[in-house]
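As structure tokens, the structure follows; a few thoughts come after it.
The values are calculated or read from the model by the stated rules, or taken from the named source; none is laboratory data. Keep in mind that what you see is a predicted model, and the values were worked out from it rather than measured. All Cβ positions, glycine included, derive from the backbone under ideal geometry; neighbour counts span all protein chains shown. Quick note on the areas: whole protein, heavy atoms, side chains included, nothing else; ligands and nucleic acids left out. Shrake-Rupley method; radii C 1.70, N 1.55, O 1.52, S 1.80 Å.
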Amino acid sequence: MDTPQSLCEEAEFERSFRSNGRPLRNFLLYKGAPLLEAEDLMQEAFIRLWENCSKVQVEKAKSFLFTVANNLFLNQKTREKVVWKFEKSYTSSSLDSRPDGELEGKEFQARLEAAIQALPPGQREVFLLNRIEKMTYAEMAKTLGVSVKAIEKRMHKALARLAKDLGPYRL
């Protein structure tokens, strides 16, 4: 008789790590986490999976990991927002203080990065998957579990917002 595999078995857990680790890290990167933060959150998600290995079925491990990682990311961003609001309330310097003569390329890069970070998570994720990973709308729809129409709408909104935010600069 075949006994069902358990995530508590080291070989099965390692198999789960090898198949889900990189996609999970990339998912966190597309959500907007810096590389080191994405790797830390990925590791924390796997720690939580190990702690709950007896409760999670092998075929549900990927879903568990992505849900935990997403929640960890959102909690991290909430904490950062609180810190940012606190720091903002105690700074007197203007956010617009840029030295004269800044190279236009650097300015565009900074504006582009800020504009991408300002996109809502769904729009940012679709934009980066398309522009960085070169995924088609159909591939994104399958990966994200939404319709192609939803992907089209998110991309349209992302491009419109970026065009507005970048002003005279264009993608």
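With the requirement that a residue be under 17 Å from Phe27 (Cβ atoms), open to solvent by 50 Å² or more (accessible area, probe 1.4 Å) and either in a helix (DSSP H, G or I) or among the hydrophobic types (A, V, I, L, M, F, W, C) (or both), what does region 138-159 give you? Result: Glu139, Lys142, Thr143, Arg154. Checking each residue in region 20-43 for being crowded, with 16+ Cβ neighbours inside 10 Å and part of a loop (DSSP other than H, G, I, E, B) picks out Gly32, Ala33.
Within region 16-42, residues that are touching a residue at least 12 places away in the same chain (Cβ under 8 Å) have Cβ atoms under 8 Å from residues that are aromatic (Phe, Trp, Tyr) and open to solvent by 20 Å² or more (accessible area, probe 1.4 Å) in these pairs: Leu24/Phe66; Phe27/Phe66, counting only partners at least 6 apart in sequence or on another chain. Taking every residue in region 119-145 that is within 23 Å of Leu166 (Cβ to Cβ) and of a type in the set (S, T, N, Q) and pairing it with any residue that is open to solvent by less than 20 Å² (accessible area, probe 1.4 Å) and in a helix (DSSP H, G or I), at least 6 positions away or on another chain, the pairs with Cβ-Cβ distances below 8 Å are Gln123/Met155; Gln123/Ala158; Asn130/Met140; Asn130/Met155.
Being in a loop (DSSP other than H, G, I, E, B) and open to solvent by 70 Å² or more (accessible area, probe 1.4 Å), is that true of even one residue in region 9-19?
First, the residues of region 9-19 that are in a loop (DSSP other than H, G, I, E, B): 9.
Retained after the next criterion (residues that are open to solvent by 70 Å² or more (accessible area, probe 1.4 Å)): 9.
Yes, because at least one residue in region 9-19 is in a loop (DSSP other than H, G, I, E, B) and open to solvent by 70 Å² or more (accessible area, probe 1.4 Å).
Looking at this structure, is Val56 within 22 Å of Gly145 (Cα to Cα), assigned to a loop (DSSP other than H, G, I, E, B) and either of a type in the set (S, T, N, Q) or modelled with pLDDT of 80 or more (or both)? Quick ask: steps written out before the conclusion?
Values: within 22 Å of Gly145 (Cα to Cα): yes; assigned to a loop (DSSP other than H, G, I, E, B): yes; either of a type in the set (S, T, N, Q) or modelled with pLDDT of 80 or more (or both): yes.
Against the criterion (within 22 Å of Gly145 (Cα to Cα), assigned to a loop (DSSP other than H, G, I, E, B) and either of a type in the set (S, T, N, Q) or modelled with pLDDT of 80 or more (or both)), Val56 qualifies.
Scanning region 48-62 for residues that are loosely packed, with under 12 Cβ neighbours inside 10 Å and either free of Cβ contacts under 8 Å to residues at least 24 places away in the same chain or out of contact with any Cys (no Cβ under 6 Å at 6 or more places or on another chain) (or both) turns up Glu51, Lys55, Glu59. Exactly one residue out of Arg18, Arg79 is modelled with pLDDT of 95 or more and out of contact with any Lys or Arg (no Cβ under 7 Å at 6 or more places or on another chain), and it is Arg18. Out of all the residues in region 121-137, which are part of a helix (DSSP H, G or I) and among the hydroxyl-bearing types (Ser, Thr, Tyr)? If the condition is that a residue be part of a helix (DSSP H, G or I) and among the hydroxyl-bearing types (Ser, Thr, Tyr), then Tyr137 is the only one that fits.
For Leu162, state whether it is surrounded by 15 or more Cβ atoms within 10 Å (Cβ to Cβ), among the aliphatic types (A, V, I, L, M) and modelled with pLDDT under 85. Explain how you work it out, then say what you get.
Numbers: surrounded by 15 or more Cβ atoms within 10 Å (Cβ to Cβ): yes; among the aliphatic types (A, V, I, L, M): yes; modelled with pLDDT under 85: no.
Against the criterion (surrounded by 15 or more Cβ atoms within 10 Å (Cβ to Cβ), among the aliphatic types (A, V, I, L, M) and modelled with pLDDT under 85), Leu162 does not qualify.
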